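Input: a single structure, listed below in structure tokens.
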Amino acid sequence: MDVKRVKDYICWLYYQYLLVTCSYVLEPWEQSMFHTITVTVVAMVVYTAYVFVPIHVRLALEFFSQIFGAQPDSAV
């Protein structure tokens, strides 16, 4: 991998982020506040998904296994 290409690609992604969020028109202190809030929200969403999605998937699997004919343990 060429380090310069990777660096250019990351810079390109950052510029795309600035364009999509329109944060390139903000003043530097406003940009730092906006980036801080954005990173905080993304971190909270990732943490919440990491903690709660497996629990909900397990409960959904148990629910659908009971509906579609799995035998209860006491019926054996």
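What length, rounded to one decimal in nm, is gained on full extension from SER65 through to THR36, with 0.36 nm per residue of separation minus their alpha-carbon distance? Don't skip to the answer; put the middle values down first.
Values: separation 29, 0.36 × 29 = 10.44 nm, distance 4.31 nm.
Extra length available between SER65 and THR36 comes to 6.1 nm.
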Global geometry of the chain, whether rounded, prolate or oblate, following the gyration tensor of its Cα atoms and the 1.5 cut on a/c:
prolate
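In deg cm²/dmol, rounded to 500, what helix-only [θ] at 222 nm does the chain give when every DSSP H run of at least 4 residues adds -39500 (n - 2.57) and the total is split over its residues? Could you put the intermediate results ahead of the total?
Working: 2 runs with 59 residues, N = 76.
Calculated at 222 nm, the ellipticity per residue is -28000 deg cm²/dmol.
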Just the accessible area for ARG58, please: 1.4 Å probe, Å², rounded to the nearest 10?
120
Between the Cα axis of helix 28-67 and the main Cα principal axis of the chain, the angle (0 to 90°, nearest 10) is 10
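Can you give the FRET efficiency for MET44 and LYS7, using 1/(1 + (r/R0)^6), R0 = 22 Å, r = Cβ-Cβ distance, to the nearest 0.05?
On the way: r = 29 Å, r/R0 = 1.33.
E between MET44 and LYS7, to the nearest 0.05, is 0.15.
The values are calculated or read from the model by the stated rules, or taken from the named source; none is laboratory data. Note that the structure is a prediction, hence the values are computed from the model and not measured. Note that each Cβ is placed from the backbone with ideal geometry, even for glycine, and that neighbours are counted across all protein chains shown. Accessible surface is based on the protein model in full, side chains and every heavy atom, while ligands, DNA and RNA are left aside. Shrake-Rupley method; radii C 1.70, N 1.55, O 1.52, S 1.80 Å.
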